[in-house]
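Visitor: Supplied in structure tokens, the structure appears directly below.
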Amino acid sequence: MTTRVLLAEDNAALAQMLQTFLAAQGMETIIAGTGTEAMRVLASSPVDLLLLDLKLPELSGVEVLQRLRKSPELASLPVIIMTGVYRGEKYALGAQKLGVRHYLEKPFSRQAFLNAVHSSLTDVQEIGEARNLFSKILGIHETGKSGTLSLPQGVRVIFLHGEPISFISKGERGFASFLTSTGKITVDDLNLFLSSGEGRLFFTHTGLLTYDDLVEESRLFLTAAIISALRETTGFSFREEPSPNTEFPLAPLSMPRLLCQAARENSIPFEGEQFIRVNGGKYPFRTSLFFRLTNLLTLRREEIDFLQQLAARRPLKELVAAAETPGEAAAFFYFLFAMGMLGFRDVPSADEEPDFVQRNLFNRPMEEVKTADEPAVGFDDLVEEVSETLELVVGTDGMAAPLSSEDINFEQTVQREYAGIQNKNYYEIFGLSQNTFSFNALKEAYFAKTRQYSPEKFMELSGTTMNIAQDILSHYANAYNTLSSVVAKERYDEMLNADTTLGLDGKQDDRLQARIQFQSGSVFMEMGEFENAEKALQDAYTLEPDNASHCALLALAIYRNPANRSSKASLEKAKMLLAKSLQIEKNAEAYALRGWMLMDEGREGLAEGEFQKALKINPKESNARKGLNMIAEKRETDKKGLFRKIFS
């Protein structure tokens, strides 16, 4: 069946050219030179796609679009905007709220035009074939509609501008039964709630739940209700309302995050073989919408790895086949495609650019994001360098997975180990004493203790036990760094002999040692002895990992140490520490180091901005002043060289 496209464009030459492009794709194109003519065509014959210029005579493109969205028959017609007048993000976002996924500013390329056409038609085919609650919710989200969605199990969900914000519980058993099943209330409480005729605030008014607990339980219930129904093909309906009645407390959910969770749980309708058959030979690319939605998600490390493989510019089927879990990779790519975050082209091409300045990606600073061709730093490598940090070991937040019976045993192991090292000194936790100590024995004991905390094991721990494991690893690192340094070991032995408390709770001594090591490192930095500075500052950082100054100065020492120039792992560690320092506190040292890194990359304009940030915080920051002076000298030299060229 031939695809019919309505092209509403008053520029006859452009309309003829676009019609030629579409004819080469086997599509029938009807040209309308005015908005009135476009509406006449839409009313008289069906079309599959509307290409709409916003500045049309008689009836503007904006008015045409508004009338379409109010029409029950034409509300779901895909529309591509083409404009040379309404430029900028605010217009694109306004069109997006009306269900427009492709906003082309003139002049646009032939490839961009054809990509938008194919993507729009593919989206229609996918949604038309699905005919389920998942596609219905996608439509509500994309068009930014408000109203009440009735789920098959009877739950009524309130949407505001395309996002679920609450649900109706007054007179309904659903939420109360959920609370009963989780032991939050009794059956008597449930019956009391139903007889009261009140909404959910009843549970806080009667003291059964605190307000915060009520909000959290409401979110959990709403999430579970929507996800469990996504595959349903009947029994749901949506009543659009500009201002729907809303029950408090609000329990707003992020639709992208909710659907991402559903994709992980295999709860969205997904035909993997069909998806690969249709798109397997095409090359995926990240759309501009990808950059707007990514930080709304809490991505797992393997999902970030899937995304970074896109840089390889390989077809979808090869990317899926190369993944350790091809099924999960295919489902994840489908989720991104359904959200409009991922598109497909017949030839390899670059990602679309974000239409705004983006400081973080995947909820991490941009400099922490590795490219696909950079080797990952292994856990064992970090242990051998005695440079692991909890961020690198644990990974990003929100990555915990369900526990298996084997993992429950590991949880118990962690808890027993934590109890076992309470109030032990650094020698005792490694099974050593001052008399039996040797560096080889220390190294072997340390490796034996830490190797069991693999990244896989760590990510599968529950939240409480993960915090305990972090404390254990931090304490092991403190102990190892203290005993492996001759000077630090001597000081430690002196404190031991003085009967000072040095067990897991000996935080005061840790802070004292951290200050001593930090001061030593600062002196070594001023003397240019970067290797000694790195060692001292590593000790300070290990003892106080959440001190912004320790992070920043250690990053600078690592970066300036000549021994690290050929080590990618060291450079990555310096960048990680720099990012962590700025996350803890905006400090002059970190901004100055970032400036020097940019200087070394030849990006003097950006470097100057970082130096200015440093001096705004601390006008005496020496590294920032040196950097600005160097930039000024270089510009003066370049200017003189230019004059010599002109007048020679």
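Residues are listed down the side, and each one gets a yes or a no for (1) closer than 30 Å to LEU571 by Cα; (2) modelled with pLDDT under 80; (3) surrounded by 15 or more Cβ atoms within 10 Å (Cβ to Cβ):
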residue	(1), (2), (3)
LEU336	no, no, yes
GLY340	no, no, yes
PHE344	no, no, yes
VAL347	no, no, no
GLU352	yes, no, yes
ALA372	yes, yes, no
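Visitor: Only one residue in ALA23, ALA12, ALA38, ALA32 is more than 20 Å from GLN111 (Cα to Cα) and out of contact with any helix residue (DSSP H, G or I) (no Cβ under 9 Å at 6 or more places or on another chain). Which one? Walk me through it before giving the result.
Guide: Working: ALA23 fails: more than 20 Å from GLN111 (Cα to Cα); ALA38 fails: out of contact with any helix residue (DSSP H, G or I) (no Cβ under 9 Å at 6 or more places or on another chain); ALA32 fails: out of contact with any helix residue (DSSP H, G or I) (no Cβ under 9 Å at 6 or more places or on another chain).
Checking each option against the conditions leaves just ALA12.
Visitor: Restricting the first residue to the range 150-161 and requiring it to be over 14 Å from THR223 (Cα atoms) and assigned by TED's automatic domain parsing to the domain that holds PRO244, which pairs with a second residue that is hydrophobic (A, V, I, L, M, F, W, C) and surrounded by fewer than 21 Cβ atoms within 10 Å (Cβ to Cβ) meet a Cβ separation below 9 Å and a spacing of at least six or different chains?
Guide: Hits for this filter: SER150/PHE236; SER150/PHE238; PRO152/PHE236.
Visitor: Return the only residue of GLY431, GLY503 being at pLDDT 70 or above, among the small types (Gly, Ala, Ser) and not in a helix (DSSP H, G or I). Give the derivation first.
Guide: Numbers: GLY503 fails: at pLDDT 70 or above.
Step by step, each of GLY431, GLY503 is checked, and only GLY431 is at pLDDT 70 or above, among the small types (Gly, Ala, Ser) and not in a helix (DSSP H, G or I).
Visitor: Would you mind telling me which numbered condition in (1) among the aromatic types (Phe, Trp, Tyr); (2) farther than 18 Å from GLU142 by Cβ; (3) touching a residue at least 60 places away in the same chain (Cβ under 8 Å) PHE238 fails?
Guide: Only one criterion is unmet by PHE238, namely (2).
Visitor: On the basis of being in a helix (DSSP H, G or I), touching a Ser or Thr at 6+ places or on another chain (Cβ under 8 Å) and modelled with pLDDT of 90 or more, does PHE193 make the cut? I'd like the intermediate steps shown before the answer.
Guide: Values: in a helix (DSSP H, G or I): yes; touching a Ser or Thr at 6+ places or on another chain (Cβ under 8 Å): no; modelled with pLDDT of 90 or more: yes.
For PHE193, the condition - in a helix (DSSP H, G or I), touching a Ser or Thr at 6+ places or on another chain (Cβ under 8 Å) and modelled with pLDDT of 90 or more - is not met.
Visitor: Residue check: is LEU258 touching a Phe, Trp or Tyr at 6+ places or on another chain (Cβ under 6 Å), of a type in the set (A, V, I, L, M) and closer than 30 Å to LEU160 by Cα? It would help to see each step written out before you state the result.
Guide: Values: touching a Phe, Trp or Tyr at 6+ places or on another chain (Cβ under 6 Å): no; of a type in the set (A, V, I, L, M): yes; closer than 30 Å to LEU160 by Cα: yes.
The answer is no for LEU258.
Visitor: Next up: Name every residue in the range 138-169 that is in contact with a Lys or Arg (Cβ under 8 Å, 6 or more places away or on another chain) and part of a loop (DSSP other than H, G, I, E, B), in order of residue number.
Guide: GLY144, HIS161, GLY162, SER169
This table checks each residue for (1) modelled with pLDDT under 85; (2) surrounded by 22 or more Cβ atoms within 10 Å (Cβ to Cβ); (3) touching a helix residue (DSSP H, G or I) at 6+ places or on another chain (Cβ under 7 Å).
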residue: ARG565; (1), (2), (3): yes, no, no
residue: LYS568; (1), (2), (3): yes, no, no
residue: ALA579; (1), (2), (3): yes, no, yes
residue: ALA590; (1), (2), (3): no, yes, yes
residue: LEU598; (1), (2), (3): yes, no, yes
residue: PHE611; (1), (2), (3): no, yes, yes
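Visitor: While we're looking at this one, here's another question. Examine the range 55-66 for a residue that is at pLDDT 90 or above, farther than 23 Å from GLY139 by Cβ and outside any strand (DSSP E or B), and state whether such a residue exists.
Guide: Step one: filter the range 55-66 for residues at pLDDT 90 or above, giving none.
Within the range 55-66, not a single residue is at pLDDT 90 or above, farther than 23 Å from GLY139 by Cβ and outside any strand (DSSP E or B).
Visitor: Could you list, in sequence order, all residues of the range 242-270 that are surrounded by fewer than 14 Cβ atoms within 10 Å (Cβ to Cβ) and of a type in the set (Asp, Glu)?
Guide: Scanning the range 242-270 gives a single hit, GLU265.
The values are calculated or read from the model by the stated rules, or taken from the named source; none is laboratory data. Quick caveat: nothing in here was measured; it's all calculated off a predicted structure. Counting neighbours? That spans all protein chains shown, and the Cβs are built from the backbone with ideal geometry, glycine included.
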